[in-house]
Amino acid sequence: MYFEAAAVIIALILLGRLLERRAKRQTSAAIRQLMGLQAKTARVMRDGQPVDVPIAEVGVGDLVLVRPGEKIPVDGEIVAGASTLDEAMVTGESVPVRKQVGDAVIGATLNQTGSFTFRATRVGKDTFLAQIVKLVQQAQGSKAPIQRLADQVTGWFVPAVMAIALLTFVLWFSIMGNVAVALIPTVGVLIIACPCALGLATPTSIMVGTGKGAENGILIKGAESLELAHQIKIIVLDKTGTVTQGKPTVTDFVTAQGTANGNELALLQFVGSLEQNSEHPLAAAMVQYAQQQGVALTQAQDFEAIAGSGVQGTVAGRWVQIGTSRWMDELGISTHCLQDPWNRLEQVGKTAVWLAVDGQVEAIIGIADAVKPSSAQAIQRLQRLGLEVVMLTGDNRRTAEVIAREVNIQRVMAEVRPDQKAAQIAALQRSGQRVAMVGDGINDAPALAQADVGMAIGTGTDVAIAASDITLISGDLQGIVTAIQLSRATMQNIRQNLFFAFIYNVAGIPIAAGILYPIFGWLLNPMLAGAAMAFSSVSVVTNALRLRNFRPRLHP
């Protein structure tokens, strides 16, 4: 009597799975879109002539010619020419970027105006785009904490449904005395209670959410990071390279009277020769300044970097130390002779770096680092989202407070050494609130790892990016706002999915068991139960796909 019912049930379930798979394929659209960005060929210089070759044949060190309107085939560094590049497809930044000799270019970005030649530095699976695709795939395959909760619920739900089905059979058989009649509601309960939708509720939203993150220049390494981001209450920002441009320049070079025979070039040689061994942005500024003054740099010996303090080493037989005022005090080196210029530099928000030669202060270097144009607006939006924004820096307090006032940050933690930054994050966490750390340098890596959510600036060091949970490719603080908004939208979507998954079961199981039969004489047909089960999964996946319409709100 029920052969057609069995056939229809199977047909409905298969139809539901077909629609479900079709919808799930759309959740991976971001991955396919990223993979489709890569150029198929490259114009490589061979024996002095440009030759078009498949992208797979480009090797590290090859010279590649790019003309206006063409895609950059692989990652590299410009060696000749200049142009404007559209990097929106990778960084999410809509404003074109000017590139010239020495600048890095990213594969899959679009050349706009000029032509140039670049040397390939990363090809194949090592390119920036390939790494993005890999990270997004890993994130989409990871489990969020809320998914583990759903798995636990499912672990209890399945035996509970089996018990309800058995109880339904026993009650109907005891009342009706007919096995066939008792089987109809029992099968209906088993079909409509299938927890497929519950298993889809979280993964589908995570897949779409991480894909949308990649589209907006935000790399999310795992589902847990995406979930935790919506719980953040405190955002801690590093100063140099995060709030500021990270490209400081030397504005002042003041020497102590009567020292080094007044030979400023000799002192600059000490500075440039020693600092060329350091990776710090301030070091790059000092080296550049020394070179601009025509100083010939030499090789420093016994170089040592003191985290959070400065650097030291031997240059031309002289013991040279360059660092903070605090470090000079710790070394017992008097800075009294240059206190007045030091005070003037700090009052205007410049970083003052001391130079000591053979244990005696010889000069003070004033360095300025401009605030990023978008920092103040991004911080204001974070505050509108209800977050407390804190600045954490190793710079001196006076300089840090000048920058903080410029971007409207009320709380400043200054003169914090790299090994102390993680402890400061831990102290904030002890208040019971979720803390995010945003940084870009090697010295930020411990704090990024300590924070509930570490966010690295994509223009920063590889160590910082490796220690973080979320990477902001463009280096713009607006990415933090987008990441938090995306996390909140994803979690809201997951809760909606769980509601859809449970409502079918909560409402459907009693109906399938026959609770309406004594009142209306109505019993749920197993075919309808199969249709309800199938379309519960479809509704969950379809709702998750709404996340593809996510757009960052500029005015939260």
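Pairing residues of the range 317-343 that are touching a residue at least 40 places away in the same chain (Cβ under 8 Å) and closer than 17 Å to residue 256 by Cα with residues that are open to solvent by less than 40 Å² (accessible area, probe 1.4 Å) and in a helix (DSSP H, G or I), at Cβ distances under 6 Å and at least 6 apart in sequence or on separate chains, gives 320/270; 320/274.
Among the residues of the range 521-547, those that are outside any helix (DSSP H, G or I) and either open to solvent by 20 Å² or more (accessible area, probe 1.4 Å) or at pLDDT 80 or above (or both) comprise 521, 522, 523, 525. Residues satisfying the criterion are present in the range 233-253 (criterion: buried (at least 23 other Cβ atoms within 10 Å of the Cβ) and more than 30 Å from residue 343 (Cα to Cα)).
Among residues belonging to the range 153-198 that are of a type in the set (Gly, Ala, Ser) and assigned to a loop (DSSP other than H, G, I, E, B), point out the one that is least open to solvent (accessible area, probe 1.4 Å).
Here is the first cut: in the range 153-198, the ones of a type in the set (Gly, Ala, Ser) are 155, 160, 163, 165, 174, 177, 180, 182, 188, 193, 197.
Filter once more, so that each one left must be assigned to a loop (DSSP other than H, G, I, E, B): 177, 193.
On the way: 177: 55, 193: 2 Å².
Restricting to residues being of a type in the set (Gly, Ala, Ser) and assigned to a loop (DSSP other than H, G, I, E, B), the top hit is 193.
Only one of the numbered conditions (1) open to solvent by less than 30 Å² (accessible area, probe 1.4 Å); (2) more than 22 Å from residue 360 (Cβ to Cβ) is not met by residue 280, and that is (1). Just one residue in the set 287, 311 is under 21 Å from residue 414 (Cα atoms), open to solvent by less than 70 Å² (accessible area, probe 1.4 Å) and of a type in the set (Val, Ile, Thr); that residue is 311.
Determine which member of the set 222, 258 is modelled with pLDDT under 80, over 29 Å from residue 133 (Cα atoms) and small (Gly, Ala, Ser). Quick ask: steps written out before the conclusion?
Details: 222 fails: over 29 Å from residue 133 (Cα atoms).
Residue meeting the stated conditions: 258.
Report yes if some residue within the range 136-155 is of a type in the set (Gly, Ala, Ser) and either over 33 Å from the mean Cα position of the chain (by Cα) or at pLDDT 70 or above (or both); otherwise report no. Scanning the range 136-155 turns up at least one residue that is of a type in the set (Gly, Ala, Ser) and either over 33 Å from the mean Cα position of the chain (by Cα) or at pLDDT 70 or above (or both). The condition (being farther than 17 Å from residue 193 by Cα and assigned to a helix (DSSP H, G or I)) is satisfied by just one residue among 552, 510, 518: 518. Total residues in the range 76-96 satisfying the condition of being buried (at least 18 other Cβ atoms within 10 Å of the Cβ) and at pLDDT 90 or above: the figure is 2.
Tallying residues that are in contact with a strand residue (DSSP E or B) (Cβ under 8 Å, 6 or more places away or on another chain) and surrounded by fewer than 16 Cβ atoms within 10 Å (Cβ to Cβ) within the range 320-330 yields 0.
If you scan the range 425-440, which residues turn out to be open to solvent by 30 Å² or more (accessible area, probe 1.4 Å) and either under 21 Å from the mean Cα position of the chain (by Cα) or of a type in the set (Ser, Thr, Tyr) (or both)?
429, 431, 433, 434
Beta carbons closer than 9 Å, at least 6 apart along the sequence or on distinct chains, pair a first residue in the range 209-230 that is more than 13 Å from residue 471 (Cα to Cα) and open to solvent by less than 10 Å² (accessible area, probe 1.4 Å) with a second that is in a helix (DSSP H, G or I) and basic (Lys, Arg) for 211/548.
The values are calculated or read from the model by the stated rules, or taken from the named source; none is laboratory data. Computed from a prediction, not measured in an experiment: that's the story for all the values here. Neighbour counts are summed over all protein chains in view; Cβ atoms, including those assigned to glycine, are modelled from backbone coordinates with ideal geometry. With ligands, DNA and RNA removed, areas are computed over all heavy atoms of the protein, side chains included. Shrake-Rupley method; radii C 1.70, N 1.55, O 1.52, S 1.80 Å.
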